[in-house]
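The values are calculated or read from the model by the stated rules, or taken from the named source; none is laboratory data. Predicted model, so just to flag it, every value in this text is computed and none were measured. Neighbour counts are summed over all protein chains in view; Cβ atoms, including those assigned to glycine, are modelled from backbone coordinates with ideal geometry.
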Amino acid sequence: MEELIGHCRICEKPIYCRMGFLDGVVQSDQTLLCFDCSAAVHEEQMSVDQEE
Ligand SMILES: [Zn+2]
């Protein structure tokens, strides 16, 4: 059982909910990211934080 939730904001890969487990990450602004893009964005935010 899987349900299409939406598409990754960055690479537009479809993101499914499989057996109650989301195939990606919902951001605080309600956009979706796949795990690959989520990791990339997280690294970007980390580097920004370090510069502040
Ligand atoms: Zn993606």
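Would segment 36-47 turn up any residue that is within 9 Å of the ligand (Cβ to nearest atom), surrounded by 10 or more Cβ atoms within 10 Å (Cβ to Cβ) and in a strand (DSSP E or B)? No, there is no match, as no residue in segment 36-47 is within 9 Å of the ligand (Cβ to nearest atom), surrounded by 10 or more Cβ atoms within 10 Å (Cβ to Cβ) and in a strand (DSSP E or B). The residue that is modelled with the highest pLDDT, among those in segment 1-29 that are among the acidic types (Asp, Glu) and not in a loop (DSSP other than H, G, I, E, B), is Glu3. A count restricted to segment 14-38 and to residues that are under 13 Å from Glu2 (Cβ atoms) and among the hydrophobic types (A, V, I, L, M, F, W, C) stands at 5.
Figure legend. Inter-residue proximity from segment 3-22: first residues among the basic types (Lys, Arg), second residues more than 8 Å from the ligand (Cβ to nearest atom), beta-carbon distance below 6 Å, spacing 6+ or different chains. Indicated pairs: Arg9/Thr31; Arg18/Glu2.
Could we say that Cys37 is under 9 Å from the mean Cα position of the chain (by Cα) and touching a residue at least 24 places away in the same chain (Cβ under 8 Å) here? Here the answer is yes, as Cys37 does meet what is asked.
Give me the residue from segment 41-52 that is among the aliphatic types (A, V, I, L, M) and out of contact with any strand residue (DSSP E or B) (no Cβ under 9 Å at 6 or more places or on another chain) and, out of that set, modelled with the lowest pLDDT.
Val48
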